[in-house]
């Protein structure tokens, strides 16, 4: 399959997974959460399979032009990207709230924590399934489809804007700069695994931190 076919397949798959909760909505909340978690993990697995199966024929411009492709560098940049991403998130949150006066808390994150508290299995969707799919779709697929026509930088802007909108959180610039940072990680190594490591790692730390705050009854400063 070509990069166009693989990319469109991944975007379609993501759309099906994104709306999967509606399929389970007639059932109990636990079934909805368990079913959604299953579709997230299945979706991520199918995307990895599509990527591996077609990695010789479906290649993006970013992957063709990459120079820093050493597995060691990919791992180190991915791990360091976890903490850099969190720093960027904190800085943009601070600037955004100072300018707009918006609530510094992420409603999207709070909603996810509520679901995890109701069914801990959902943590697999938020720390593994979701981030993997988002990297394949918003980084590799969307940049792969648009870069030949717009160049990398404008392509990264488009994909980051869509990445932010899909989160429906009210903190547009926070998610936009996060998406742009993940796009830079992908460009630096030409391997989507770099941004996947950073994205999964960041989500995991955020979820763990929120759970510690919840169970420890820790009150965050306003």
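Readers should treat all values here as calculations from the given coordinates under stated rules, not as data from a laboratory. Because the structure is a prediction, the values reported are computed rather than measured. With ideal geometry, Cβ positions are generated from the backbone for all residues, glycine too; neighbour counts draw on all protein chains shown.
Each principal axis of the Cα cloud of the chain was taken in turn, and the coordinate range along them, longest first, works out to 50, 42, 32 Å. Under 13 Å from a point placed 7 Å out from the Cα of residue 204 along the Cα-to-Cβ direction: which residues of region 176-198 have their backbone N that close? Only 196-198 fall inside the zone, counting backbone N under 13 Å. The angle separating the long axis of helix 172-189 from the principal Cα axis of greatest extent in the chain is about 40 degrees. Remark: the residue 22-residue 110 segment gains 29.6 nm on full extension, using 0.36 nm per residue and subtracting the alpha carbon distance. With the helix formula -39500 (n - 2.57) applied to DSSP H stretches of n ≥ 4, the chain reaches a computed 222 nm mean residue ellipticity of -24000 deg cm²/dmol.
Spin-label model, residue 97/residue 59: points 7 Å from Cα along the beta carbon direction are separated by 4.6 nm. Our summary gives the chain a relative contact order of 32 percent, counting only alpha carbon pairs under 8 angstrom and 6 or more residues apart. For region 21-83, the C-alpha radius of gyration sits at 1.68 times the compact-globule guess of 2.2 N^0.38 Å, with N the residue count.
The angle between the Cα long axis of helix 192-215 and the longest principal axis of the Cα atoms of the chain comes to about 0 degrees, rounded to the nearest 10.
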